[in-house]
Amino acid sequence: MTNNCIKIDYLTISCLPGSSKDSREALVQKALYALGIDQLQSCFEFMCTNYRYEMILRYQNISIKIPSEKRFANTGVCFEFTGSGFDYYENYLAMNKRTDIHSALNRFRLLYLDGYKTKCSRFDIAIDDKCFGEDKPLLNLDIIEGVLKSHCFVSHFRRSDPKRESGELVPIFKVPAPSTYDDSLPFDIIESMNLSTCRVGKTIYLGKEHSSRSVRIYDKMAEQEVKGAKLPEDLKHWVRFEIELHDNNAGAAFSKFLDCKDPTDFSKYVSRVSYDLIRFVDKDHSRRYNCTVCDWWLKFLGCLSDKGMYINKLSTNQYLRSKRYFNQCLSAILSRLFLVDPLQFVQGLKDGMSKLSKTADRIKADYYAYQGLSPGDKKAAVEEVYRSVSGEDYWRMFADQTEGDFDERMLKLFEQVAY
């Protein structure tokens, strides 16, 4: 039989002090309690440190990252779950806390009611195409590669530069693929071989690495064989379609995951997001946007919902936002560049004037719009730009307005999930 399932493959969430006056230690305790893993605290072991975090602790592929006191206010405490870490967490809650993953993660989200700021910075969603026995798969990596090289797809992805290496397959020996397609196309195809079995695995990347959204499609069965995992004897095919989301895209998808009471609702949401990110099509029209979507792709995604990633972006003046960014982040660097090489600095500005940019046009338009405001409205616009986003503002950005009043829903949810 064919077994397509959706699972969370990576999750990064953080809790910042916000308007509270709590210490790092107090915040860690409240976050662990909200997540339902406070009794596991002694199990976490110190792993390492880096430039951003003073301590990185880990247990069962769950990481707790604690910054220095200096960085605490702006960075907060970070919790990371790999795919296996998320599975362990879900099972732990069910067996030891008699609660479910949605209740625990909603408790974490709702810490903003106490003045904290909680957010999600990475959210990976995996859809597995598994086949047992004689059943035929829906995702064929060779077919997908052919469709991509034939330009038979619609997406908003851009070219990844530089080209990426395969991290999923852990290649023992790399098989170079011939460059038979346009290098400007937004995908990388990496092949690798397991010398012990001579099995060639393939990973297809779509989109830029570390961008707000990207996709990878790879031979999960080959990856598991390289790792020495024991697989069912009748498992004949296992390809994974994985969406990696960062920043606001991650927050939007994670918010939807928390709000979906029925797992099938989230499945429909993921199907729709996947459809928006990439559509494989047949060449039956001169314009690719009007081409018929491949039947095998529609079958893989199943029934689709009408909702994609819903983000209520806070409306602020692009000119004022850019001015703030210049003052806070760029002024010191640019002043030194002008000091050491003024001619090159001026030339760089001239080159920039000739480049087309929607953001640059928006800055110009918003500047003139700002100049036309009354003194009171100008002051309000500046205050809005420099106002820090609260925990409530963050989650409100992703609220679906069709589901009713946000504050009322969150308070009702708090009553349901509170210990």
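For the stretch 211-293, the solvent-accessible area works out to 45 Å² per residue, with a probe of 1.4 Å and every protein chain left in place. Among the chymotrypsin sites (Phe, Trp or Tyr not before Pro) in the stretch 18-120, those located in a DSSP loop and surrounded by at most 14 other Cβ atoms within 10 Å of their own Cβ are 51. Distance between the pseudo-spin-label points of residue 362 and residue 151 (7 Å out from Cα toward the beta carbon): 2.9 nm. For the listed residue pairs 7/268; 30/412; 256/283; 117/412; 117/323, the alpha carbons are over 23 angstrom apart in 256/283; 117/323. Mean projection of the Cα convex hull over all viewing directions, computed for the stretch 224-264: 5.0 nm².
Which whole-number percent gives the relative contact order of the chain, counting Cα pairs below 8 Å spaced six or more residues apart?
Numbers: 652 pairs, mean separation 67.8, N = 419.
Over the chain, the number comes to 16 percent.
Accessible area per residue for the stretch 79-123, computed on protein heavy atoms with a 1.4 Å probe, is 37 Å². Just grab the label-to-label distance for residue 337 and residue 61, each label 7 Å out from Cα along the Cβ direction, in nm (one decimal). That separation, rounded to one decimal, is 4.2 nm. With r as the distance between the Cβ atoms of residue 229 and residue 48 and R0 = 41 Å, compute the FRET efficiency 1/(1 + (r/R0)^6) and round to 0.05. After rounding, the FRET efficiency stands at 0.95.
The residues of the stretch 1-57 present an accessible area of 53 Å² per residue when probed at 1.4 Å with all protein chains retained.
Taking 7 Å steps out from each Cα toward its Cβ at residue 100 and residue 369 produces label points 4.2 nm apart. With all protein chains in place and a 1.4 Å probe, the accessible surface of the chain carries 52 percent carbon and sulfur. Here the stretch 355-388 is scanned for amide nitrogen atoms under 15 Å from the site 7 Å beyond the Cα of residue 326 along Cα-to-Cβ, giving 359-371.
Once you have the Cα-Cα distance between residue 73 and residue 142, take 0.36 nm times their residue separation minus that, and quote the gain in nm to one decimal. Please list the in-between numbers first.
Details: separation 69, 0.36 × 69 = 24.84 nm, distance 4.87 nm.
Length difference between fully extended and current span is 20.0 nm.
The values are calculated or read from the model by the stated rules, or taken from the named source; none is laboratory data. Just so it is clear, the structure is predicted and the values come from calculations on it, not from any experiment. With ideal geometry, Cβ positions are generated from the backbone for all residues, glycine too; neighbour counts draw on all protein chains shown. Note: areas computed on protein heavy atoms with side chains; ligands, DNA, RNA excluded. Shrake-Rupley method; radii C 1.70, N 1.55, O 1.52, S 1.80 Å.
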